[in-house]
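Participant: The structure's right below; bear with me while I get my questions together.
Throughout, read-outs are computed from the coordinates displayed, never taken from laboratory work. From a predicted model like this one, the values you see are computed outputs, not experimental measurements. Cβ sites come from the backbone with ideal geometry, for glycine too, and all protein chains shown count toward neighbours.
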Amino acid sequence: MSPAEEEIVLPFPATIRPLRHLRSTVILASIATVRSRELFDDYTRALAPAHRGEVLEAVAGTWISLEAASAHYAACDALGLSVDQQVQCGRSTFDGTRDTLLGTVTRMARGAGVTPWQVFPMFQRFWDRGLDGGGISVTRVGPKDAHVTLVQCPLLASPHFRNGLRGLCTALTGLFCVRAFGSERRPARPASVVMRMQWA
């Protein structure tokens with residue numbers, strides 16, 4: 001498609017405020033992924049002491065402050081995982097949160113004939129269940145090719161969060177096709193990123 005033929009399938013919300021909180025369910029699923037890789041001790045040593053209580057004592061269904069969430073992802077960054085490993089962590093986090101935060105999409109995945117194009121318009125709704133603040137836009141750039149743009153999310157400064165988010169979005173897209181592929185375009189600003197989702 002030429003730029004003139006591109007179609008916005010999910011516009012940004014009319015009002016976007018910067019990210020302020022992250023749902024504890026996301027953090028807990030992320031920590032579970034760290035545990036599964038037997039890296040929990042290294043993670044706790046890297047976690048800033050000022051935020052250990054809020055992160056490690058979090059219970060499901062509550063909000064974690066941006067500062068504590070940033071400390072969590074900084075500790076994850078310190079683990080030295082490869083990009084592919086970070087993407088896989090995002091896929092694992094998706095597995096740990098999809099029934100809680102994405103129940104609607106899980107039910108849709110059981111239906112016949114649903115494609116990613118029917119799911120992309122729901123991305124902001126899914127985002128709002130797990131994150132307080134930030135905005136998403138999705139643009140169709142080809143028959144099976146979309147750009148997902150995120151803004152006002154300071155956590156994108158963390159490679160672990162950014163690559164994990166790509167893995168999560170790819171796993172979500174993959175529920176509605178044979179195979180999905182995600183790649184990152186260079187962030188335009190520190191708190192934004194454009195991801196390319198393609199599928200077969």
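Participant: Gap in Å between the Cα centre of the stretch 70-88 and the Cα centre of the stretch 158-200?
Facilitator: 16 Å
Participant: Which helices count as membrane-span-like in the chain under these terms: full DSSP H, at least 15 Å along the axis by C-alpha, Kyte-Doolittle mean of -0.5 or more?
Facilitator: Passing helices, by number: 24-36, 66-77, 159-174.
Participant: Rounded, prolate or oblate: which fits the stretch 108-200, taking a ≥ b ≥ c as square roots of the Cα gyration tensor eigenvalues, rounded meaning a/c under 1.5, else prolate when a/b beats b/c?
Facilitator: Prolate is the answer for the stretch 108-200, as a/c is 1.5 or above and a/b outweighs b/c.
Participant: If I model a spin label at ALA46 and ALA14 as a point 7 Å from the Cα along the Cα→Cβ vector, what separation in nanometres do I get?
Facilitator: Result for the modelled spin labels: 4.2 nm.
Participant: Need one number: nm distance between label points at ALA157 and SER36, each 7 Å from Cα along Cα→Cβ, rounded to one decimal.
Facilitator: Each label point lies 7 Å from its Cα, and together they span 2.9 nm.
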